[in-house]
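Below: one structure, written as structure tokens.
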Amino acid sequence: MNKIILAIALGGLVSLTACKKDAGSGGTSSVAGNVSGRVYSGNSGSSAEKEVTQITIPDGSDIADGEYLLLNTPNNGLYYYVWFKWTSGVQPDPFLAGRIGIQVDFDFTQNNLTVATNTAAAIQAAVGTDFTVTINNDIITLTNNLAGEVPDADELTSNILVDIENQGESAVGGSSSYVEGPIVDERVYLIYGDEDYYSESVRTDANGDYQFKGLNRGTYRVYAFSGDTLNPGGMLQQVEVSSEIANKKEVVQAPALFVVKF
């Protein structure tokens, strides 16, 4: 009797194991999604440019307590403001919304070289890898470490002089133009579970939609290839999302893929 029970138990275990499905083909579920993007035309082969800003610092007697200037970075990066606080002044930090404040302590008796040195040191300590900071006498040069379009630095009403020595540009700036919308006839790739290479591919329809059918329960990775706006002649980048099928006969909507085409 015990042998019969053991045999039944083992048979049930084998049956359950056989019913378990890993990511892959042969099921009744699907992964669907959409590919949209930006298609460039025109001067898309130009080189990307880093913005270079020069700040000329006057004597302390020409700087008002509480004055400030604005610094910016490209590609939706961090924004800063540099504000000058007289050591015996009463003006508070302006606390500009959405910006990181950089405080420069100075005195009305200090000459331009001293104020410039202190300003460069304060900026360098705060901006991390966003800028390369150099100083030559009373001129501070700030070079954005990333290329791309950037709102120009602004001294507002300050006596501190700000000049843009080199205008930041992405590699698709200038005379290039683009349109955004669904990407038609784009090849999309599907990876099963933890596999290293894709197992299926399909092309998008007139609305940029795609669907992988006949899939089992499991985790899937979906990807397409995109150009790089900072290096349009370089290698394509893989843009990837993931989706999980939990049930039979389920159509899972994958996160949207956004690509750049030249």
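Bear in mind these aren't lab numbers, they're just calculated from the coordinates by the rules spelled out. Remember, it's a predicted structure, so these values are computed and weren't measured experimentally. Counting neighbours? That spans all protein chains shown, and the Cβs are built from the backbone with ideal geometry, glycine included.
To one decimal place, what orientation-averaged projected area in nm² is obtained for the convex hull of the Cα set of the range 49-113?
5.0 nm²
Suppose every K and R has +1 on its Cβ and every D and E has -1 on its Cβ; what is the size of the dipole of the chain about the Cα centre, in Debye to the nearest 20?
2180 debye
Based solely on its DSSP helices, what 222 nm [θ] is calculated for the chain when runs of n ≥ 4 H residues each add -39,500 (n - 2.57) and the sum is averaged over all residues, nearest 500 deg cm²/dmol?
-4500 deg cm²/dmol
Just the C-alpha atoms of the chain: what Rg/Rh do they give, with Rh taken as the Kirkwood radius?
That ratio is 1.26, to two decimals.
Of the options N216, L113, Y189, report the single residue whose Cα projects farthest towards the positive end of the charge dipole of the chain (beta-carbon charges: Lys, Arg +1; Asp, Glu -1).
Value computed over the given set: N216.
Considering only DSSP beta bridges whose two residues both sit in the range 52-166, what percent are antiparallel, to the nearest 5?
If we restrict to bridges inside the range 52-166, about 75 percent are antiparallel.
What are the ³J(HN,Hα) values, in whole Hz, obtained from phi via the Karplus relation 6.51 cos²θ - 1.76 cosθ + 1.60 with θ = phi - 60°, for each residue of the range 52-66 in sequence order, with x given for Gly and Pro?
Each residue's phi maps through the Karplus curve to give 10, 10, 10, 10, 9, 9, x, 4, x, 5, 9, 10, 7, 4, x Hz.
With a 10 Å cut-off between alpha carbons and a GNM built on the chain, which of A147, A120, A206 moves the most?
Highest fluctuation among the options: A206.
Cut-off 10 angstrom, C-alpha nodes, Gaussian network model of the chain. Which of Q167, Q110, Q124 fluctuates the most?
Highest fluctuation among the options: Q110.
Restricting to Cα pairs below 8 Å that are 6+ residues apart, what does the relative contact order work out to for the range 52-166? Please round to a whole percent.
Taking the mean separation of contacting Cα pairs over the length of the range 52-166, I get 39 percent.
So for the range 52-166, taking the charge dipole from beta-carbon charges (+1 Lys/Arg, -1 Asp/Glu), which of G77, Q91, V52 sits furthest toward the positive end?
G77
Using amide H atoms built 1.01 Å from N in the peptide plane, name the residues 5+ places from T229, or on other chains, whose amide H lies under 5 Å from its own.
Counting only residues 5 or more places away or on other chains, the set is empty.
So how tilted is helix 2-19 from the main axis of the chain? Cα-based, degrees 0 to 90, rounded to 10.
Long axis of 2-19 versus the principal axis of the chain: about 50 degrees.
Can you tell me the dipole magnitude for the range 125-245 around its Cα centre, using point charges on the Cβ only (Lys, Arg +1; Asp, Glu -1), in Debye to the nearest 20?
580 debye
Only Cα pairs within less than 10 Å get springs; with that Gaussian network setup on the chain, which residue of L71, L156, L236 has the largest fluctuation?
Among L71, L156, L236, the largest GNM mean-square fluctuation belongs to L156.
Specify the longest stretch of the chain that does not include any exposed loop site, a site being one of the trypsin sites (Lys or Arg not before Pro) with a non-H, G, I, E, B DSSP assignment and at most 12 other Cβ atoms within 10 Å.
Maximal segment without exposed cleavage sites: 21-247.
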